[in-house]
Structure formats: structure tokens, C-alpha cells
């Protein structure tokens, strides 16, 4: 009898594992609500009318850029909970992260909520990472509600990874502009009165390193990881690009997009008709002088909350593959001459019938 139970358990697990890298969720995981808070520059872009809150000053009334970023996370989670009609105590766990050392935007920003926290670092892929782990916790029966939060801030990121703003360094055309913004999502095992969308599958990404060392061309650094995850998702689920209304990367920008499409074509995969990049959507590159587009943890998070989920909720898109991308570098690795590896996490999001 014991052997039969073990065999059944192993069989159940095999049903959820999908191909070499992906998983089908055993139960639907609903995105009950979400919220987006952005800075002044993002509020001047093409998606301005869709964000929940736009700051008039990128310090958001704070004394430091880092404190401002913590405030972004506080506000985004507060808004998401309020829209869902929930209290912070309804959340079993928080899955959250940012770009700063020791994830200080998250630790200082979410401490007041007093909820168990899984602090995450996936660079700019953190939104996909948090949604993946949150969905797994819900699907595994470990929680009824979880919160997934991430953020970035242009000024805090420049100070962390590049030059102080006062230095006035020149940016090449391949560079992207770090988004000032935070996105928060409430996941649940039931839809309630309504849900914005449902997560049905995941393709966690691998670290992929093509040896690119140019930290001001992060789109090309991350494109190989995005190509790897997208190709693996299609193979694992037995799908082709047209099975998705959109295949959405996080922040490759225009330069990284070209690299992604070319890399996939070498494997016989053409996603040019379906591909969309959050970094190319959030800014008007010509009017706002952002060069290749947007980047940062907050880029894919706020575009998902404000724009992508709206299209899914309204039924304009039935199924999308959401693939935030991250460049895994630090000041230390860059100064020691290391390449910039990439990672990308795939989340299958569908319309709730």
C-alpha cells in the first residue's frame, strides 16, 4: 500500500512537470489585483493614463532616492490591497525584491506590513521571479493570498551601478533608462468576484552568458537568456508562437529586441509577429530621449499591471507569455572584468473566462 501511495505521488508530480524546464500549475492561480506607481518621466510617456499613481517629484517627498524607492513599494502594495478589498494581514507571504545592495528598497519599504518575506534578487527579471514563486506557493496549497512586489528607481540605480547623477556622463544609444516605478500583485487560489487574469504555467530561466561585457548595452546581454526561456517554453508546452497573443519581454529595448529575434531565428523560431517589449512601450524614445528604451525591475512590473493585464482582463489577449529579463552584474563583477550574464523567467498568463 505504501509503495502504491509513493507511485501515485510521483505520478502526480510528473503531471505538473512539463518538458525539461517548465511546469503546469495543478490549480489556477489568479491575479486578483495589481497596482502601479511611477515617476514623473514615466507619467509623461505613452502609458501615462493607465498608471494608478504618478509622482510629481521623483523624490516623492523623501530625503534620499533609496527612501523614495521604498515608498514606491509601500504605495504600490497598499493600492493593490485596497483595490482587492483586502488587508495586509490577509497575505500569508510577500515575495519581493529590487536592484539595490541587500535589497534595501524592499526591506525598508515593506517592513511596516509585518508579513513573512521572501527577499528576491533576479535583477530586472524580479517581477517574473516573484510571480513564479508566489504562484507556486498558492498552487502548492501553502497560502490563500500572497503579495508580489518589485521596484526600481532611475537615480538609486545609477548610484548603485554606474555614476552619480552629478557626473553628467554620456550615454550610448544602446543604453536603456531605468524606470522609476513599482508594481504590486495580489495572487489568490480563488477568483472572488473578479480576477484580472490567471497564471497557468511557468518556465523558470537558466543563467545564460554569451560573454558580453558592455554594461551600457544590457539588452544584448539579456537577449540570449530571453531567447533560451522562450524557446524552452514553446518546446515544453508543445506550442508555437501563434499560440500566444503576445510574447512579452521585460526590458530588452530596441537593440536587445533585434538580438532576441535574430537568436531565435537561428533555431527556426520566428516571434516577430507576437513580440512586445515593456521597455519599448513605456517611453516615447524620440520625444523622451531614452535611447533604446526602459529597463529596471519596475519596468516590466508597471507595464504588466497597467497595460498588459488590462488587455487580458478585457479579453483582447487570451494568452500571453510574460518574460522579464535580468542582467546579473554588480559593480564588483564589472570592475573585475567579468561578463554580464542574463536570466529570464517565463510566466504564462491567460484571460479568465
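For the range 42-97, the Stokes-Einstein estimate of translational diffusion at 4 °C and a viscosity of 1.567 mPa s comes to 100 µm²/s, using the Kirkwood hydrodynamic radius over alpha-carbon pairs.
Of all DSSP-defined beta bridges confined to the range 199-350, some 65% are antiparallel rather than parallel.
Highest average first, the peptides 129-137, 301-309 ordered by how many other beta carbon atoms sit within 10 Å of their residues are 301-309, 129-137. Counted over the chain, the DSSP beta bridges are approximately 65% antiparallel.
Entry note, the range 203-276: relative contact order of 35 percent, from Cα contacts under 8 Å with a spacing of 6+ residues.
Highest mobility in the GNM of the chain, judged by mean-square fluctuation with C-alpha springs under 10 Å and restricted to 101, 43, 337, is found for 337. When its C-alpha radius of gyration is set against 2.2 N^0.38 Å (N residues), the range 11-188 gives a value of 1.10. Relative contact order of the chain: 24 percent, from C-alpha pairs under 8 Å at least 6 residues apart in sequence.
Every pair of different Cα atoms in the range 199-350 enters the Kirkwood calculation, which places the hydrodynamic radius at 15.4 Å.
GNM remark for the chain: springs join alpha carbons under 10 Å apart, and the peak mean-square fluctuation among 114, 160, 69 falls on 114. The simple spin-label model puts a point 7 Å past each Cα toward its Cβ; for residue 333 and residue 213 those points are separated by 1.5 nm.
Ranked for footprinting exposure by Cβ neighbours inside 10 Å, fewest first, 56, 350 give 56, 350. With the convex hull drawn over the C-alpha atoms of the chain, the volume per residue is 145 Å³.
Among 109, 147, 183, the largest mean-square fluctuation in a Gaussian network model of the chain (Cα springs under 10 Å) belongs to 109.
Every number here is computed from the coordinates shown, using simple stated rules; none is lab data. Just so you know, these numbers come straight off a predicted model, no measurement behind them. Cβ: placed from backbone, ideal geometry, glycine included. Neighbour counts: every protein chain shown.
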